[in-house]
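Below is one structure, written out as structure tokens; the observations come after it.
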Amino acid sequence: MTMETYYRLLRPDENPSLGLFAKNQFSDVFSVEDHVTNGSKAGYDSRYISCCKTWEAVVDFAANTFTNPKRIVQITIKYPTIQRIDLTDPTKQMMYFPCNQKAINYVNRFQEVLILDKVPPDCLSAPVVLPS
């Protein structure tokens, strides 16, 4: 199995030594399209953990957020049971965003990959804190 690597800008309440968890692992009302287009603004917590495929994309994302401090972890997918959706794949974009160019632009700019439910702590690096 080839190990995949992604990057995540941590929320202030996330502790990588405990792993990463979706805001609501049991949510069935929050679609991929809603997650990407509205994030937490939709009023529902989702089952997805947003990540970026590249360091450059996560740094760009961090520069466009108000989160402080800007802590980034590297995620190394070590287990085949960790479910993910690569939204940079044009086939996936057609499936999830057939009429939503805003979402497509967003996932392409930030190279977005979604991980379902959780990431164990042994898949996470120590956080890197970007300068303010």
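Scanning for something at pLDDT 95 or above and of a type in the set (A, V, I, L, M, F, W, C), does the range 38-48 turn up at least one residue? Scanning the range 38-48, I find no residue that is at pLDDT 95 or above and of a type in the set (A, V, I, L, M, F, W, C), so the answer is no.
Does any residue of the range 91-103 turn out to be polar (S, T, N, Q) and in contact with a strand residue (DSSP E or B) (Cβ under 9 Å, 6 or more places away or on another chain)? Working first, answer last.
First, pick out the residues of the range 91-103 that are polar (S, T, N, Q): 91, 93, 100-101.
The next check asks that each one be in contact with a strand residue (DSSP E or B) (Cβ under 9 Å, 6 or more places away or on another chain); those that pass are none.
The answer is no, given that none of the residues of the range 91-103 is polar (S, T, N, Q) and in contact with a strand residue (DSSP E or B) (Cβ under 9 Å, 6 or more places away or on another chain).
Could you tell me whether any residue of the range 55-74 is at pLDDT below 95, over 21 Å from VAL128 (Cβ atoms) and of a type in the set (Phe, Trp, Tyr)? Taking every residue of the range 55-74 in turn, none turns out to be at pLDDT below 95, over 21 Å from VAL128 (Cβ atoms) and of a type in the set (Phe, Trp, Tyr).
Here is a yes/no grid of residues against (1) touching a Gly at 6+ places or on another chain (Cβ under 8 Å); (2) within 14 Å of SER125 (Cβ to Cβ); (3) buried (at least 16 other Cβ atoms within 10 Å of the Cβ); (4) not hydrophobic (A, V, I, L, M, F, W, C):
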site	(1), (2), (3), (4)
ARG11	no, no, no, yes
VAL32	no, no, yes, no
VAL36	no, no, yes, no
GLY39	no, no, no, yes
ASP60	no, no, no, yes
THR65	no, no, no, yes
VAL73	no, yes, yes, no
LYS78	no, yes, no, yes
THR81	no, no, no, yes
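When each of THR76, THR5 is tested for being touching a residue at least 60 places away in the same chain (Cβ under 8 Å), outside any helix (DSSP H, G or I), touching a strand residue (DSSP E or B) at 6+ places or on another chain (Cβ under 6 Å) and over 14 Å from GLN111 (Cα atoms), the lone residue that passes is THR76. Screening THR88 with (1) in contact with a helix residue (DSSP H, G or I) (Cβ under 8 Å, 6 or more places away or on another chain); (2) in a helix (DSSP H, G or I); (3) polar (S, T, N, Q) gives one miss only, at (2).
Residues that are of a type in the set (Val, Ile, Thr) and either assigned to a strand (DSSP E or B) or farther than 18 Å from TYR6 by Cα (or both) within the range 33-73 comprise THR37, ILE49, THR65, THR67, ILE72, VAL73, listed in sequence order. Looking at the range 103-124, can you tell me whether even one residue there is in a loop (DSSP other than H, G, I, E, B), farther than 19 Å from ALA22 by Cα and without any contact (Cβ under 8 Å) to a residue 24 or more places away in the chain? There is no residue in the range 103-124 that is in a loop (DSSP other than H, G, I, E, B), farther than 19 Å from ALA22 by Cα and without any contact (Cβ under 8 Å) to a residue 24 or more places away in the chain. Of all residue pairs spaced 6 or more apart or on separate chains, those with beta-carbon atoms under 8 Å, a first member in the range 14-25 that is without any contact (Cβ under 8 Å) to a residue 40 or more places away in the chain and closer than 14 Å to TYR48 by Cβ and a second member that is hydroxyl-bearing (Ser, Thr, Tyr) and assigned to a loop (DSSP other than H, G, I, E, B) are LYS23/SER46; ASN24/TYR44; ASN24/SER46.
The values are calculated or read from the model by the stated rules, or taken from the named source; none is laboratory data. Source: prediction; values computed, not measured. No Cβ is skipped: glycine too gets one built from the backbone with ideal geometry, and neighbour counts run over all protein chains shown.
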